[in-house]
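See structure below.
What follows draws every value from the coordinates through simple rules; no lab data is involved. Every value quoted in this text rests on a predicted model; they were computed, and no experiment measured them. Because the Cβ atoms are built from the backbone with ideal geometry, glycine has one as well, and the counts that use them run over all protein chains shown.
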Amino acid sequence: MVLGDKSLLDADLKASYAKAGVSHVLAVSGLHVGIIFVVFNFLFSIFFKGNLLGPRLLRALLTVCCLWGYAFLTGLSPSVMRASVMFSFLQFGFLFQRPYSVYSSVVASAFVLLLYNPSFLFDVGFQLSYMAILSILFFYPRLSSLSLITRLKNCSFRFLPSRVRTVPQFLTSWSVDLTIVSLAAQIGTAPLVLYYFHQFSCVFWLSGLFVLPLAVALVYLALMSFVVSPFPSVASLFVGLLSFVASVTNAVVCFFSSFPFSVIDFIDFRFEDLLCCYVALTFISFYLYNRRFLPFFCGLLVFCISGTLSVFRRHSVPGVSVAVYNYSGRSAVNVFGSGFNRLYSTADSSMVCRQLKSFWIRQHTVPAQLSSSHLLVGGRASAFIVDKDLSGCRAEGAPITVDLLVISSDVRVPIGKLKTIFNYKHLVIDSSCSLATSYWWKKQCPDAYLVKERGDFIEHL
């Protein structure tokens, strides 16, 4: 979906959407297909009225053609294809006036898509899309039936005059419904989000109340802009409204993402945790279905096992580490441990941080703090980067003691000179040095570690 605001392409704004828990509105998804289905089904029901087979068949065929035209136009992403198949089944179910099972439609759409492309099974969007719809179908009616939720939805507002009660009653019921839908979707998708992205938004339930209606308005405005495009004066009005609503949406998202603790990041969540979560959710779903306590206790037991594994993993991680990463033609030196993470890099720092995020999470450290200093110190570990000739340097007093001495930028210094200035445990020649320079150092110091030859250097102290 094009929001009409070029700033959406900025990484910071995309990160804000992720922090607010509404990044799905940036992607063409089942939400937009549902809106398209409702719009075209309504329009064609005006032109093809009646309950005879002919008008109903034309209405169904045109609606399905529009759905799949939109799907092809937007690139046939798994979530759009899933929604298109489901709504196609729904439309033809209405056509032949047959009983319609949503669960059957979900399973059938998954079967059809996997027949078309089995690799969809490993697509993150495919997994999130189906887990979201299944979770909403199962958990939403059960959450809605809770007594507290029912009382909130049916709040009468008797303290207000009778003529103005309708508006707060509608807003309260609508807000509660939307919040319950968001919670139901999160129950099924949270483990996948934690596993793939290692973060969790804490304000998704609040930001969705404002952003989702705005997203729906954007889709309607975009459709109207397309319909009235032959009339430039009218089209410019809708485009202006589209741009204004897009700006408001961005502002709302940035507001929610600026909340303290809006997102919990760097969560160590592995495949075994993902498996435990879905096994536990399966047991709890059986409990909610038949009200037998054995599945409930089994689910709690699986959650406890997952938590115990997480605690053991955290205690088995070494305290302080030093590393030199293999980035062709660039330097990337890292000192990290529990509570600190310092990175020196001449490569694209954002790319380095993205690529190393999973590794850092497994080491139970924190997001990297970029440093321009050639001396990195953290805990009891230290590293020094030599990127210029030391011929003008003189050893005054005791040598500088470091755990890791990194040679970069094709620097060549006699080993005797180097040892008068530095007292080091490990000498590493990083990937910014050419092979000729790396082997020159290898001849001088056979114990030197060549990153270009042996890959990343990682030492746990």
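Taking 0.36 nm per residue of separation and subtracting the current Cα-Cα distance, fully stretching the chain between residue 175 and residue 294 would add 39.4 nm. Ordering of 107-118, 417-428 by packing is 417-428, 107-118, highest average first (other Cβ atoms within 10 Å, averaged per residue).
Placing +1 on the Cβ of every Lys and Arg and -1 on the Cβ of every Asp and Glu, with no other charges, gives region 358-436 a dipole of roughly 200 debye about its Cα centre. Label positions at residue 164 and residue 272, each projected 7 Å from the Cα along the C-beta direction, are separated by 6.0 nm.
A crude spin-label estimate for the pair residue 330 and residue 76, with each label 7 Å from Cα along the Cβ direction, gives 3.5 nm. Considering only 105, 202, 72, and ranking their Cα positions along the charge dipole of the chain that arises from unit charges at the beta-carbon of Lys, Arg, Asp and Glu, the one farthest toward the positive end is 105. Considering only 143, 300, 230, the residue lying farthest towards the positive end of the dipole of the chain is 143, judged by Cα position with unit charges set on Cβ.
Here r is the Cβ-Cβ distance between residue 461 and residue 217 and R0 is 51 Å; the resulting FRET efficiency, rounded to 0.05, is 0.35.
Put simply, the amide H of residue 410, placed in the peptide plane, has neighbours under 5 Å in 433, 434, leaving out anything fewer than 5 places away on its chain.
Take every DSSP beta bridge whose two residues both sit in the chain; close to 60 percent of them are antiparallel.
Using Cβ point charges alone (K and R +1, D and E -1), the dipole size of the chain about the Cα centre works out to roughly 1020 debye. The distance between label points at residue 398 and residue 116 comes to 7.0 nm (points 7 Å beyond Cα on the Cα→Cβ vector).
Projecting the Cα atoms of 385, 400, 375 onto the charge dipole of region 364-438 (Cβ charges, centred on the Cα centre) puts 400 farthest toward the positive pole.
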